[in-house]
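No lab work stands behind these numbers, since they all come straight from the coordinates. Keep in mind the model is a prediction, meaning the values are calculated, not measured. All Cβ positions, glycine included, derive from the backbone under ideal geometry; neighbour counts span all protein chains shown.
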Amino acid sequence: MKVMRVRVEADRCQGHNRCCAIAPELFEADELGNAHAKGDGAVPPGLEAKAQLAMRNCPEHAVRITHE
Amino acid sequence: MNREKPARAPVQDWGKDFDHRDPRWIENPFPIWDELRGTCPVATSARFEDGAYFASRYADVREIAYDAEHFSSRRVIVREKKVNPVQPAPPITSDPPEHTPARKLLLPAFAPQAIARLEPRARALCRELLDAIGDRKEADAAVDYAQHIPVRLIAHMLGVPETDGDLFRRWIHLVLEVGISDESVIMPALTEMSTYFFTEIKKRGAVDKAKHGDDLISFLLGARMEGQPLSDPHLVGTLRLLLVAGIDTTWSAIGSTLWHLATHPEDRKRLVADPLLMPTAIEEFLRAYAPVTMAREVVKETTVGGCPFKEKGQVLLSFPAANRDPAMFPDADKVLIDRAENRHAAFGLGRHRCLGSNLARLEMTVAVEEWLRRFPEFRLAPGAKVTWSEGTVRGPRSIPVFTRV
């Protein structure tokens, strides 16, 4: 079965903090305020829509979703 | 405080002779931007030294924001006459490579975790202001409420008296509004600000940095960039930036939101009934009423959106206009407080993303929540005259309301 994962491209993220606000279960900010995925980025069942929403609200297009 | 404004010719052609100080633009710029997007997406004007440009489409604003090679941040306000020499306020006026270390220094103090700790103070000061309004039926949501919130919170963060708010607002009015057309007021205001901060620095004792408190001035005094303390011009430039950038911007965002709710009872009722909608609504208010227009200076001739940009030209980088572009946002002209997909650019795009965005969101959210809790049925006072600021930061400066039915 394919696993949905989120990822933040570090060179694109500027710390808008939209993903962390929308999906705190999936993203967190470092001490500079830049975001990264929690753990290995795997999206638990039930949080797929939040992952999509986080991606579609990133002003810098830094949030990526993969299915592997 | 309001000086007499020099008479200026009314704009006849927004495409070739725009003026963001024109009363029609100040009152309601949205139809002008819509017209420009369809006819002349990059407007020009000879009313500003070396010529000015105004990009109205999201794609063009984004391209300029990402392009530091052709567009420098050394001047972040479009003025009739340029101020020379340039007045650095790092990192907002910094270009790469100086920009990154100057910004990195400040980021931890404005990261989400650091800002979240300010919520109790923000809530308390909103309640103090609401207590002062008390059970009066008539109040001014801008004058009695919105304008005080960011001033007091940034004063709290800087470790300066919250009662100095009038002084701060005066400097900001001179630098950001009057100074666009009358350069003679800028240097005296900047000098006053520097003197104010040098006095604050002295109070903290320049020698033993270990004794400093945890306010931002102390933090910057103890900060190191590549192993060295900040130079005086860097330190004071940054302090001036923190003061100027954090006040009328957020005051405008809170004001515009309250103005919207005062004039759209269906949205007000919906937010009162469904507080979980607040984060989405706040993002929509940020999109629709983004207060801040930045600026760039053309340092190398180029073309954006098919339009030439000549060297030395001043560029209005209008995130507010980008946010209203229907090519980017469906129903861009409608305020939809449940707009779930909202990649707005209110805090800018690229490396200069507003350092204070987490602070601004906190202040907006707390200010609106506390206001609605106290005055859930407020509305615009009948016959009220709402006035809007001029220039770089847009927001209502007076919002007469009835606090109850």
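Things worth noting here:
- Straight Cα distances below 23 angstrom link B:LYS203 to the lysines B:LYS211, with same-chain residues fewer than 8 positions distant left out.
- Calculated on alpha-carbon atoms, Rg and Dmax of the protein assembly as shown in Å: 21.9, 71
- If R0 is 30 Å, the Cβ-Cβ spacing of B:GLU35 and B:VAL83 corresponds to a FRET efficiency of close to 0.45.
- Of the chymotrypsin sites (Phe, Trp or Tyr not before Pro) in region B:307-405, not one is in a loop by DSSP (not H, G, I, E or B) with at most 14 other beta carbons within 10 Å.
- Pairs of Cα atoms farther than 21 Å apart, chain A, %: 13
- Spin-label model, A:GLU68 to B:ALA59: label points 7 Å out along the Cα-to-beta-carbon direction sit 3.4 nm apart.
- Normalised by residue count, chain B yields a Cα convex hull volume of 139 Å³ per residue.
- Within 10 Å of each Cβ in A:9-18, the average number of Cβ atoms from other chains: 5
- Projecting the Cα atoms of B:LEU241, B:GLY159, B:PRO291 onto the charge dipole of the protein assembly as shown, computed from C-beta unit charges around the Cα centre, puts B:GLY159 farthest toward the positive end.
- In this simple spin-label model, placing a label point 7 Å from the Cα along the Cα-to-Cβ direction at both A:GLU25 and B:GLU266 gives a separation of 3.3 nm.
- Spin-label model, B:ARG404 to B:GLN12: label points 7 Å out along the Cα-to-beta-carbon direction sit 5.5 nm apart.
- Reachable lysines, given that their alpha-carbon falls under 23 Å from the alpha-carbon of A:LYS38 and they are not under 8 places away in the same chain: A:LYS2, A:LYS50, B:LYS104
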